[in-house]
Amino acid sequence: MPESLEPESLTVRYLGGPTAVLEIGGLRLLVDPTFDGPGEHPVGDRALTKTMAAVAGPDEVGPVDAVLLSHDQHPDNLDDGGRAYVARAPLTLSTRAAAERLGGGVRALPNWEHTDLPRPGGTLRITGVPAQHGPDGTEHLTGPVTGFVLSGDGLPTTYVSGDNASLDVVREIAGRFAPFDVALLFAGAARTPLLDADLTLGSAEAAEAAAILGARQVVPLHFEGWAHFSQGRDTLAEPFAGFSGGFHLLEPGGRVTLSSLDKA
């Protein structure tokens, strides 16, 4: 196998909520930075209640090559501390709405378009993919969200779902990219007074999404730390009991290293 195709690993460090540090191909990425403490976080005329502090602050996280921001309109995905971090980051990839609102180094990555980041021995391709933050026809209430696919020679092909509630969206992504080496699935079956419906995947739906994606390894994110999750750590293990790959339910601060050769 040529040197550029030697299998490399993905390390995921889970910081709580949707926030995770990814190390892949010699690059460091940060998913949905949230650093504020517990308490009420306003969103419009409502508030979301954070119940768990992040296990690492911006200084401990340190610099990254890029931020992957699923959306900016909800404080459980981008809070004040996260905004300050994004303002200093060299590059943040997100929705067009987020790029317009945040400015600076925030760049829109539309669905199915990609950007290539140089890395030692090659590039890391980051592709924007759809996400639907609730039932069909509710985007005008919840706002636009994006997911990401990471790929490159010798790298584990990785899906970062963002706040997605639609298995049809998962099927569309699988049709273009499956099978996946790793799926980072936002779960928790989030529910708020905004809608009488789940705004993210529940535990059973996350397991179904993993099967649709042909994922070899799954790391759940965004299933705890906020009061609006209707499911969480105690509901995730059972639906994955029959999962043929590796299921990694990390504790806050925990990390796992996975490669494209990992099966279970």
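Read-outs throughout are calculated quantities, based only on the coordinates presented, and are distinct from any laboratory measurement. Just so you know, these numbers come straight off a predicted model, no measurement behind them. Don't worry about glycine lacking a Cβ; one is built from the backbone with ideal geometry, like all the others, and counts go over all protein chains shown.
Here are a few things to note about the model shown:
- Counting only DSSP H runs of at least 4 residues, each contributing -39500 (n - 2.57), and dividing by the residue count of the chain, the helix-based mean residue ellipticity at 222 nm comes to -5000 deg cm²/dmol.
- Between residue 88 and residue 197, the FRET efficiency from the beta-carbon distance, with R0 = 41 Å, is close to 0.70.
- Euclidean distance of C-alpha centroids, the range 191-264 and the range 15-76, integer Å: 17
- Bridge type composition, the chain - antiparallel percent by DSSP, nearest 5: 70
- All Cα-Cα separations within the chain were binned at 10 Å from zero, giving a P(r) of 7, 34, 40, 17, 2, 0, each value a whole percent of the pairs.
- Other residues whose C-beta falls under 14 angstrom from the C-beta of residue 178 contribute a net charge of 0, scoring Lys and Arg +1 and Asp and Glu -1.
- Nitroxide proxy distance, nm - points 7 Å out along Cα→Cβ at residue 11 and residue 59: 2.2
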